[in-house]
1. At 1.4 Å probe radius, can you tell me the per residue accessible area of the chain in Å²?
2. Using the Karplus curve 6.51 cos²θ - 1.76 cosθ + 1.60 with θ = phi - 60°, what ³J(HN,Hα) values do you get for each residue of the stretch 38-51, in whole Hz, with x for Gly and Pro?
3. Quickly estimate the mean residue ellipticity at 222 nm for the chain, helices only: each DSSP H run with n ≥ 4 gives -39500 (n - 2.57), and the total goes over all residues, rounded to 500.
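The values are calculated or read from the model by the stated rules, or taken from the named source; none is laboratory data. Please read all numbers here as calculations on a predicted model, not as lab measurements. Heads up: the accessible areas ignore ligands, DNA and RNA and are worked out on the full protein's heavy atoms, side chains in. Shrake-Rupley method; radii C 1.70, N 1.55, O 1.52, S 1.80 Å.
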Amino acid sequence: MMIQATVPTAFGLFFTSWYLQPALLLAGAVTTATILTMYIAFSRGWVSRIFLSLVPLFYIAFIVTVLALQLE
């Protein structure tokens, strides 16, 4: 099953154009920032219910930024 999952994906990655729109780049940056924040929090033991309830603020900031800058 590994070959059936990876080979078509590899062909799709190699043979498609890579035009990333600003909103997609921003989404990648927000996701990376969220992952790094959670990694640091978990590795240092800072995780609490309050912390986890504030993590979606990254995505709310993303939505506000996309709407404010009218990115597509």
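1. On a per-residue basis, 85 Å².
2. 5, 4, 5, 5, 5, 6, 9, x, 8, 6, 8, 4, 5, 4
3. Values: 4 runs with 55 residues, N = 72.
Computed ellipticity for the chain at 222 nm equals -24500 deg cm²/dmol.
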